Structures are given as structure tokens and as C-alpha cells.
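See below for the structure under consideration.
The values are calculated or read from the model by the stated rules, or taken from the named source; none is laboratory data. None of these values were measured; they are calculated from a predicted model. Note that each Cβ is placed from the backbone with ideal geometry, even for glycine, and that neighbours are counted across all protein chains shown.
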Amino acid sequence: MEVSAEILKEADVLLAAFLTGALLLFVYDVLRIVRKIVPHKMWLVGAEDVVFWIGSALALFAMLYRENSGYIRGFVIGGVLVGMLLYNLLLSAWVVAGSVFLLKKVLFVLSRPLVWTARLFKRPLRFAGRKTKKILRFLKKELKKLWKTVKIGVCKL
């Protein structure tokens, strides 16, 4: 019993649809990871989502064009949705939680030298800031006195 080439081609298209759906959701997970590491404002989240969905539409169109000569078939859309659903149920939570955990640990380790350097310079910089503030206050007071003297001298003329 031999399977026809037509059915094999449609099975390839369905597999490509599954993988495209899983890949699209993986890309969105990367976006979610970035959002958890770096806080975003709501307008930026909306803009990122719009860019993601435009990119998703282009990726789906490219997959349909490459695999199925651009024909939109119900089983292809279903395959993309099932691929997304399976990825979401099986891997998404693990990928996001694990990546956020690892990235936070890596960023913590990498930021330690900066924290130590900041602590090292904290006291001298605070001292210099206080002295600079006192000097600027003194100069401001002297300039006010000088300005008052000049104003009085100009008014007497």
C-alpha cells in the first residue's frame, strides 16, 4: 500500500503549519521574557504586540506561499493553531520561567562589579557634592552682593 504524493505533500504542509505555530508562540515568549526582565509602559507593550502580529502575518503568508503555493486552507490554519496550543500547553511556561530565572541570575552576577564600584565611590562623591554645594551657595551670595553694589552705583549716576 503506497501513500500518494499528494497526501505526503499535504502532510508536509501540516507539519510546517504546526512548526510555524510553535515558532510564532516561541517568539512571543521571547517578547514576554524581555517584558519581565525590563519593565515596559503600556503603549510600548501595545506597539510591540502590533509589530509582532504584523510579523506573524508575514511569516504565515511566507509559509503558505512556500509550502502551499499561497492557498489558504482550513487545515493549515488549524495546524498553526494546534501548534501554538501544543507549544503553549507543553513548553511555554517552562521556557518563560526558566529563561527569566537564568537571565536574572546572570544579570545579578554581571552587575556585582558595578555595585561594588558604586559603593567604593559613594562616600567620596557625596563629600565632593556637599563641598560643591557649599561653594556654589557662597558664590551665589557674593554675586548677589556684587550685583546689589553695581545696581546702587548705576542708580546714583
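Tabulated data for the structure shown
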{"quantity": "Gly129 being at pLDDT below 90 and in a helix (DSSP H, G or I)", "calculated": "yes"}
{"quantity": "Residues of the range 147-157 satisfying the condition of being aliphatic (A, V, I, L, M) and surrounded by 10 or more Cβ atoms within 10 Å (Cβ to Cβ)", "calculated": "Val150"}
{"quantity": "Helices (runs of 4 or more DSSP H) lying entirely in the range 1-119 (those with 1 or more residues that are free of Cβ contacts under 8 Å to residues at least 40 places away in the same chain and of a type in the set (S, T, N, Q))", "calculated": "42-68"}
{"quantity": "Test: Leu24 is surrounded by 14 or more Cβ atoms within 10 Å (Cβ to Cβ) and at pLDDT 85 or above", "calculated": "yes"}
{"quantity": "So Pro113, is it within 34 Å of the chain's Cα centre (by Cα), surrounded by fewer than 10 Cβ atoms within 10 Å (Cβ to Cβ) and over 30 Å from Val13 (Cα atoms)", "calculated": "yes"}
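Each row is one residue, and each column tells you yes or no for (1) exposed (fewer than 11 other Cβ atoms within 10 Å of the Cβ); (2) under 27 Å from the mean Cα position of the chain (by Cα); (3) hydrophobic (A, V, I, L, M, F, W, C).
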residue: Leu81; (1), (2), (3): no, yes, yes
residue: Asn88; (1), (2), (3): no, yes, no
residue: Val95; (1), (2), (3): no, yes, yes
residue: Val100; (1), (2), (3): no, yes, yes
residue: Leu120; (1), (2), (3): yes, no, yes
residue: Gly129; (1), (2), (3): yes, no, no
residue: Thr132; (1), (2), (3): yes, no, no
